[in-house]
Every structure is written in C-alpha cells, then in structure tokens.
C-alpha cells in the first residue's frame, strides 16, 4: 500500500559554468499539495565545488539557496513569490532556467512521513 501523501520532489543543482552543463547536486525540494507541505534542504560540498572551474564564490551560491529556503517557508523575506500558494511556489522554484542554480524535473512518490522522505532523498541524492 502506498504512503498516505502524494509528493513531488526536485533536485537542486549548482551549475558553476552554465555553458559547460556540469552540475553538482546540492539540495532537495519536496512538495505535497494534499499535506500543504513545501520544504527544502541543501548543503554545498566546498571540496567538490573546488573541482569545477568556478568564478562565483560559495557565499553567492549560499545566498541564492537561502532564497529557496525563504520561498519554501513562505517568509516575507522571500519576496512576493514566497506569498504565493504552495503549488505555485513549487512550480516557480522548479521552472527551467539558465542560471547557476537549477532544478531537475520533478519526480513523485508516496510517503507517510514527508520530513523523513526529505532526509532520505537528501542522503541518497546529495550527500
């Protein structure tokens, strides 16, 4: 029997040089419309990042990732997008873009514990 909550998730990717199309998985965004859940978790492995030819500083990436977190939580510091409904925020965060932070296409599944699922996916796909 599948879990109680249908969810979608996307992997947050750091793309140091967009023209090279190389990326490093740095986080997960997890969304469940039925549970009214939207959360993300991220971590930049600075040792792995050093392997890329990168002109941007880690602090720049962290600032942008922090914006993801503010939008997920609905914080006023997240700007107007953070005030949108859960599904709209998730769709905006996972929209295709050509920048140093991108996301994978959304994938779905079922879960009884969304926080545990976020931790599991983070462990499997980021760490």
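The values are calculated or read from the model by the stated rules, or taken from the named source; none is laboratory data. In this text the structure is predicted, and so the values were computed from the model without any measurement. Heads up, the Cβs are rebuilt from the backbone with ideal geometry, glycines too, and the neighbour counts pull from every protein chain shown.
Go through segment 95-109 and give me each residue that's farther than 11 Å from residue 31 by Cα, in contact with a strand residue (DSSP E or B) (Cβ under 8 Å, 6 or more places away or on another chain) and either touching a residue at least 60 places away in the same chain (Cβ under 8 Å) or buried (at least 20 other Cβ atoms within 10 Å of the Cβ) (or both).
100, 101, 102, 103, 104, 105
Please go through segment 27-37 and pick out each residue that is surrounded by fewer than 22 Cβ atoms within 10 Å (Cβ to Cβ) and assigned to a strand (DSSP E or B).
So the first thing to find is which residues in segment 27-37 are surrounded by fewer than 22 Cβ atoms within 10 Å (Cβ to Cβ), and the list is 33-37.
Across segment 27-37, the qualifying residue is only 37.
Of the conditions (1) within 18 Å of residue 109 (Cα to Cα); (2) modelled with pLDDT of 90 or more; (3) in contact with a strand residue (DSSP E or B) (Cβ under 8 Å, 6 or more places away or on another chain), residue 36 fails just one. Which one is it?
All conditions are met except number (3).
Tally the residues that are surrounded by fewer than 19 Cβ atoms within 10 Å (Cβ to Cβ) and within 9 Å of the chain's Cα centre (by Cα), restricting the search to segment 10-25.
Final tally of qualifying residues: 1.
Within the bounds of segment 50-58, is there any residue that is at pLDDT 90 or above and in contact with a strand residue (DSSP E or B) (Cβ under 9 Å, 6 or more places away or on another chain)?
So the first thing to find is which residues in segment 50-58 are at pLDDT 90 or above, and the list is none.
So far as segment 50-58 goes, no, none of its residues is at pLDDT 90 or above and in contact with a strand residue (DSSP E or B) (Cβ under 9 Å, 6 or more places away or on another chain).
Can you list the helices (runs of 4 or more DSSP H) found entirely within segment 40-102 that contain at least 1 residues being in contact with a helix residue (DSSP H, G or I) (Cβ under 8 Å, 6 or more places away or on another chain) and farther than 22 Å from residue 17 by Cβ? First the steps, then the outcome.
Details: elements: 46-49, 58-73, 86-93.
Filter on segment 40-102 gives 58-73, 86-93.
If residue 119 passes every condition in (1) out of contact with any helix residue (DSSP H, G or I) (no Cβ under 9 Å at 6 or more places or on another chain); (2) closer than 22 Å to residue 20 by Cβ; (3) assigned to a helix (DSSP H, G or I); (4) touching a residue at least 24 places away in the same chain (Cβ under 8 Å) but one, which one does it miss?
(2)
Would you confirm, using the coordinates I've provided, whether residue 48 is over 19 Å from residue 123 (Cα atoms), touching a residue at least 24 places away in the same chain (Cβ under 8 Å) and surrounded by fewer than 17 Cβ atoms within 10 Å (Cβ to Cβ)? Break it down into steps so the answer makes sense when it comes.
Numbers: over 19 Å from residue 123 (Cα atoms): no; touching a residue at least 24 places away in the same chain (Cβ under 8 Å): yes; surrounded by fewer than 17 Cβ atoms within 10 Å (Cβ to Cβ): yes.
When the stated conditions are applied, residue 48 does not pass them.
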